[in-house]
1. Rank-order 216-227, 176-187 by packing density, defined as the average count of other C-beta atoms within 10 Å over each peptide's residues, highest first.
2. To two decimal places, what compactness ratio does the stretch 244-313 give when its Cα radius of gyration is scaled by 2.2 N^0.38 Å?
3. Using each residue's phi in the stretch 244-251, evaluate 6.51 cos²θ - 1.76 cosθ + 1.60 at θ = phi - 60° and report the 3J(HN,Hα) Karplus result to the nearest Hz, with x for Gly and Pro.
4. Give me the compactness ratio for the stretch 37-104, meaning the Cα radius of gyration over 2.2 N^0.38 Å.
5. What is the extension gain from LEU220 to LEU58, computed as 0.36 nm multiplied by their sequence separation minus the C-alpha to C-alpha distance, in nm to one decimal?
6. ³J(HN,Hα) across the stretch 284-290 via Karplus (A = 6.51, B = -1.76, C = 1.60, θ = phi - 60°), whole Hz, x for Gly/Pro?
7. Across bins of 5 angstrom width beginning at 0, how are the C-alpha pair distances of the stretch 2-196 distributed, in whole percent?
8. In debye, nearest 20: dipole of the stretch 201-245 around its Cα centre with unit charges on the Cβ of K, R (+) and D, E (-)?
Amino acid sequence: MANQNHTQNIQGAGIGALQQSMAGVIARWVTKQADYATPVPNLSFFRREVPSEPDFCLIEPSVVILVQGEKQIAIGGEEYPYDTSHFLITSLDLPATSQVISASPEQPCLGFALKLDLRMLAELIAQGNVPPPQARGAGSSIGLGRVTADLLEPCNRLLRLMDEPDAIDVLAPLIEREIHFRLLLGDQAALVRQIASVDSHGYRVAKAIDWLKLNFASSLRVEELAARVQMSAPTFHHHFRQLTSMSPLQYQKWLRLNEAKRLMLNEHLDAASAAFQVGYESPSQFSREYSRLFGAPPKRDIERLRSQASNVA
């Protein structure tokens, strides 16, 4: 028992040192509250200096690791709090709300997100060098995994490539492959596998989501979309809702409303023009559904967001 405790203490100290190293890298490159797309493909940093209210976002298939602070993701009424001891992993593009729980200017919330490479995962699985995971219960597309030194070590090396720009093209793919391998050995292996397996329901739902993201302004017939991914309509509807906490039509509506919000905020379109551009035929229906999702009519919501942005600036 004493030896086991000693080993755990050593591993804990190793995790702390790795997190401190990564926090130093992120803090050097992101000096104010922001998201930062790094020169390393698929890798982004983020920094938050104050707790925040829930904010709508679309999470890509990725692993999100905090090295300082605490955040929370909410999907379909389920909350997933995570911190430096647990990472967040998602296997589908998921509409969610993200919230910073713990952060301050002295101790900002620092972390990074690495997009999952589904082809790389499939190759690793096909090689047969990873053991099958323990069976999961109900299907899921989001999970919280335990942070280990084995996972953080290659992550630290990936972050430190920021100081070796000439080595990124050669070394980043090798390090990312090791990270994917560690995820396939970890406690979220089943979730990671489901999206890389071409015969899985998760893979087919992911293909349907890809189509929706490109065609959200088009009219949607669920039967046709189900046939496109080679599933019956009832089976497709069941697994889509199980994995995303939404129906296909609700998912399309979420995409439309968020794109309309972007058009009004960034491209200064009025509400009616934005509504027609994202596929709505009735501006009044658009306004009702926008208010239901965002808590205020389009014009008032955009004015509030611009006011907040000018106060921060």
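Each value in this text was obtained by applying a stated rule to the coordinates, not by laboratory testing. Quantities reported herein were computed from a predicted structural model and do not represent experimental measurements. Quick reminder, even Gly has a Cβ in these numbers, built from the backbone with ideal geometry, and neighbours come from all protein chains shown.
1. Going from most to least packed, we get 176-187, 216-227.
2. Relative to the rule-of-thumb radius for its length, the stretch 244-313 sits at 1.12.
3. Once rounded to whole Hz, the list reads 10, 6, 9, 7, x, 5, 5, 5.
4. So the Cα radius of gyration is 1.08 times the expected 2.2 N^0.38 Å.
5. Gain on stretching LEU220 to LEU58: 56.3 nm.
6. 5, 5, 4, 5, 4, 6, 5
7. Final binned percentages: 1, 7, 16, 20, 21, 17, 12, 5, 2, 0.
8. About 80 debye.
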